[in-house]
Amino acid sequence: MTDTTMYQSSTTAGRPTTARRTGRRATGRRVEPLYYVFLVPTLLIFTAFVIVPALIGIFYSLTDYVGFGDWSFLGLRNYAALFSDPRILESYGFTLGFALVTVVVAQVIALALAVALTRRIRFATTLRTVFVIPMVVSGIVVAYVFNFLFSNSLPAIATAVGFGPLEESILGNPDLAWLSIVIVSAWQTIPGALLVYTAGLTSIPSDLYEASALDGATPWRQFRSITVPLIAGFILINTILGVKGYLGVYDVIVGLTGGGPGTATSSVAMTIFGGFTGGDYAYQMANATVFLIVTALISVAQIIATRGRAVQL
């Protein structure tokens, strides 16, 4: 018995254990060639169509290039002019204000609809399908349809009922035109937020609501103390996606107001694209670079805000 034990011990000592063999394989694991087959083309395409054009654009933002012909180096003069240009500052103010207002409106409505559609009501599945339809329609098509409604149908109805403030199209009112963009943008993005909130609400155990009801909690108290804390990560995700989408708003404005009246609803994206075809290529490229930095700062803030709040959809 002793000889056998000693033999087994010496044999075991002479060869690596399973854990050590596994650890060695884990540290020296060979990467599958298929990984590079997918990775390398993606990196090349991203570099060729995103990184290189961005670097070229940043270079031209330091010149007086108009999109063709010769150019001269100006340094940071285009950037200095941006911060004293009221048209550029107005476009940033409109874009940021529009994004903040629209994200609040869209998230409140989407959350209310999600709460209602996750209750045991008739035709809930059908209603979810109907509410998702705006998400699959082209933004420019939606904008032109609402343009007709705001320009013709709504004033006609207001005139028939004698409601003076809406007898004239709000699209021609510098103080109200932005509301039409908020309405259309929210209408188009609510379905996506609705799907995210529905996933979050269905992941909450029903036992929590039943136990709180036995303790006398009202539906509003359940919403504040159970629903909102447990879907906080989903609210954060929707807010981030909403702000990032609204910052680049373009097609909805083109179809509704064209940036007017005047420049009252001209977003940063519309100002940049307009400059590319209007002889301000280098100047608007500097504007695009500043907008890239602003978007990057917002993205960094989002990463910091979402750290430790991972949500499984």
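So here's what we get for this one:
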quantity	calculated
Residues with amide H under 5 Å from that of Thr63, placed H, sequence gap 5 or more	Leu74
Asp175-Gln222 pseudo-label distance in nm [points 7 Å out on the Cα-to-Cβ vector]	4.4
Whole-Hz ³J(HN,Hα) from phi, Karplus 6.51 cos²θ - 1.76 cosθ + 1.60, for region 71-77, glycine and proline x	8, 10, 7, 10, x, 9, 5
Efficiency of FRET from Cβ geometry, Asp207 and Ile293, R₀ 35 Å, rounded to 0.05	0.15
Computed lengthening from Thr47 to Phe163, 0.36 nm per intervening residue step minus Cα-Cα distance	36.2 nm
Test item: Cα-centred dipole of region 77-306, Lys/Arg +1 and Asp/Glu -1 on Cβ, debye	500
Arg29 paired with Ala264, simple spin-label distance in nm, labels 7 Å along Cα-to-beta-carbon	6.0
FRET E, pair Val108, Val40, Förster distance 35 Å, beta-carbon r, rounded to 0.05	0.20
Intensity falloff of region 37-146 expressed as log10 I(q)/I(0), Debye formula with alpha-carbon point scatterers, at q = 0.14 Å⁻¹	-0.97
Relative contact order (%) - criterion: Cα under 8 Å, at least six apart; region: the chain	27
Where Rh is the Kirkwood radius over Cα pairs, Rg/Rh for the chain	1.16
Farthest toward positive dipole pole in region 77-306 [+1 Lys/Arg, -1 Asp/Glu at C-beta], among Pro219, Ile304, Gly275	Pro219
Charge dipole (debye, nearest 20) of region 80-188; +1 at Cβ of Lys and Arg, -1 at Cβ of Asp and Glu	760
Helix-only [θ]222 nm of the chain, DSSP H runs n ≥ 4, -39500 (n - 2.57) each, per residue, nearest 500	-21000 deg cm²/dmol
Förster-model FRET efficiency, 51 Å R0, Ala81 and Ala156, C-beta, rounded to 0.05	0.65
Selected from Phe163, Pro86, Val104, residue furthest toward positive end of dipole (the chain; charges at beta carbon)	Val104
Approximate spin-label separation Leu89-Tyr144, in nm, with each point projected 7 Å along Cα-to-Cβ	3.8
Charge dipole (region 77-306, unit charges on Cβ, about Cα centre) - positive-most of Gln284, Leu179, Leu127	Leu127
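A short reminder: the numbers here are calculations on the coordinates, not readings from a lab. Since this is a predicted model, take the numbers as computed values, not measurements. Counting neighbours? That spans all protein chains shown, and the Cβs are built from the backbone with ideal geometry, glycine included.
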